[in-house]
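Only one structure is covered here, and it is reproduced in the block below.
Values in this text are rule-based calculations from the coordinates and carry no lab data. No experiment lies behind these values; they were computed from the predicted model shown. Quick reminder, even Gly has a Cβ in these numbers, built from the backbone with ideal geometry, and neighbours come from all protein chains shown.
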Amino acid sequence: MIHAAKNLRIYHKKKHVHIALGTILIPLVFLVGMITLGGIAGTDLLFSVGITLYRLIISYTISIILGVGIAIFLSYENAAESFIPVLDILQNVPSFALIPIFVLTLGYTNTMAIAFATTSIVWPILFYVLSALRTAKTDLNEAAEIFGARGSKKIFNYLIPLSFPAIVTGSIVGLSIGWEAVIGIEIIGLSNGIGSFLNAAGTSGDKTTLSLGVAAILLVVFVINRLVWVPLIKRTRYYAE
Amino acid sequence: MQNKYALELKNISHRFPADERKESEAISDISINIERGKFVSIVGPSGCGKSTLLRIALGLLKPIKGEVIRNFQKYAMVFQNFAIFPWLSVYDNIEFGLKMSGMKKEHAEKIVSEKIKEVGLAGFENMYPKELSGGMKQRVGIARALAMSPEVLFMDEPFSSLDTITARRLKDDLAHIWEKYDMTVVMVTHLIEEAVELSDDIIVVSQRPAHVKETLTVNLPRPRNLRSQNFFDMSDKITGLIDM
């Protein structure tokens, strides 16, 4: 359990919960209304958004474990100097150039979409966290050690809370790239997900469905932003001294 | 039988890489014995290697030569720039070391509440470091250290980042706390008056590479009169030693 977990709680009052519910319900009612008025199969749209979100959440979860884990390992082992150039080259490889390799090994499958998106999301998280750990004030590191934060205690009580602003920033950047990756791969080769939904609407010239599909993505992005990232960004203000 | 000395540094030398080819000698053959229960200050010019010596004593740095004997189990440190964790409240900062030691929450709560009152932070428990003044941040640092019930308290220029009035109050509080706790204090400072005011022994170190110039015992009654002739004489003597 992260020591600072209670400090990272983002909804403290009833008012916050009401705002959060409003942020979800109002766009949802708007979307359902549009679907009804446009005579579109709403379940198709919601299912497509759901599948894409599922892929994104799994990719993000893997990315955050990998990104934060690798960054902590490199800072711990003091091995970053030798590994960073290698990681830098790897992250600069355009991810879409890797699609044929993913297709060759995994085919156009759900696993392939998740693996592909992970290779896009992980880099910003890894580099932001690594940078935060490497530039941490020496006396803070010393204080953590002197006051007993060692081994896993150091990871959960010092290194992760220390990297929190970097994790938030890296996640926001990583997820925006992740959306592109998942939707891109759905358009190219998958038969479900919002990318596939948009592709089908575009190919058949159905402008209403296409517009609603895009509107659904914007609403999901808006809701995630308001409910998750904005409160977490506000939490990072405590890090300013 | 308990060792007379809480800390023994024997023939310590240390070097830092100055650039790719050269190394810079920070400490040269320093031997120091810190007697248990005493308030000892290490005084020297800025950048002479005092803080490096403190970190070697703490085991944060390994010297290239020499031996460190630590005859204590529990220790804590107060930092020049406070080094309190910005993501934790005042209460959580003070509780940090106790939590890391695996102490039960109820027991830790009792100790933390006691230290909060002792350093004058009552009412500020839920505030975060960015909401505190420099003096209050250092009080959090001192409370965090005291919560550990240290046998030896290390302090690295603890008043250097504070304004004169805040530093004055904190020094008074620290003198009381030291008397109450019967612990060994090792303080590094470049402020001579500060060392004379608080210490039993003062170790004067030279310009880099640091070596011990002289160890002086301050035989002035406590609380020290900062305007007495003896106080000025002692301060002048140390100033003369550092300038030599």
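For region B:51-109, take N as its residue count and report Rg(C-alpha) divided by 2.2 N^0.38 Å.
1.43
Please say if chain A is rounded, prolate or oblate, where rounded means a/c under 1.5 for a ≥ b ≥ c the square roots of the C-alpha gyration tensor eigenvalues, and otherwise the choice is prolate for a/b larger than b/c and oblate otherwise?
The shape class here is oblate.
Taking the Cα atoms of the protein assembly as shown, report the difference between the largest and smallest coordinate on each principal axis, in whole Å and largest first.
Largest to smallest, the principal-axis extents are 97, 54, 40 Å.
Please report the net charge: other residues with Cβ closer than 9 Å to the Cβ of B:Met187, K and R +1, D and E -1.
Residues near B:Met187 contribute -3 overall.
What percent does the relative contact order of chain B come to when contacts are Cα pairs within less than 8 Å and at least six residues apart?
In percent, rounded to a whole number, it is 27.
Only loop residues by DSSP count here, and only those with at most 16 other Cβ atoms within 10 Å; note down the trypsin sites (Lys or Arg not before Pro) in region B:82-184 that meet that.
The qualifying sites are B:Lys104.
In percent, how large is the relative contact order of chain A, given Cα pairs closer than 8 Å and 6 or more residues apart?
Relative CO of chain A lands at 31 percent.
So if I place +1 on the C-beta of Lys and Arg and -1 on the C-beta of Asp and Glu, and nothing else carries charge, what would the dipole magnitude of chain B be about its Cα centre? I want it in debye, nearest 20.
The dipole magnitude comes to about 420 debye.
May I ask which residue of B:Pro129, B:Leu174, B:Val188 lies farthest towards the positive end of the charge dipole of region B:124-244, with charges of +1 (Lys, Arg) and -1 (Asp, Glu) on Cβ and the Cα centre as origin?
Of the listed residues, the answer is B:Pro129.
Can you give the charge dipole size of region B:1-98 about its Cα centre, rounded to the nearest 20 debye, using +1 on the beta carbon of Lys and Arg and -1 on the beta carbon of Asp and Glu?
300 debye
Let's see if you can work this out: charge +1 on each Lys and Arg Cβ, -1 on each Asp and Glu Cβ, no other charges. What is the dipole magnitude of region A:168-241 about its Cα centre, in debye to the nearest 20?
340 debye
Under a point spin-label approximation (7 Å from Cα along Cα-to-Cβ), what is the A:Val221-B:Glu25 distance to one decimal in nm?
Going by the 7 Å Cα→Cβ label model, 6.3 nm.
Return A:Ile125, A:Ile188 ranked ascending by Cβ neighbour count within 10 Å, so the fewest neighbours appear first.
Least to most surrounded, the residues fall as A:Ile188, A:Ile125.
In region A:189-229, how does Rg compare with the Kirkwood Rh, expressed as the Rg/Rh ratio over alpha carbon atoms?
Over the Cα atoms of region A:189-229, Rg/Rh equals 1.09.
Averaged over its residues, how many other protein chain Cβ atoms are within 10 Å of peptide B:148-154's Cβ atoms?
Mean inter-chain Cβ contacts per residue within 10 Å come to 1.
Measure up B:Lys4/B:Lys115; B:Lys10/B:Lys104; A:Lys234/B:Lys50; B:Lys50/B:Lys104; B:Lys4/B:Lys137 against 30 Å on the Cα-Cα distance and list the ones that go over.
In this structure, B:Lys10/B:Lys104; A:Lys234/B:Lys50; B:Lys50/B:Lys104; B:Lys4/B:Lys137 exceed 30 Å between Cα atoms.
Considering Cα pairs under 8 angstrom that are at least six residues apart, work out the relative contact order of region A:103-241 and quote it in whole percent.
Here the relative contact order equals 26 percent.
Return the average number of partner chain Cβ atoms within 10 angstrom of each residue Cβ along peptide A:135-146.
That average works out to 6.
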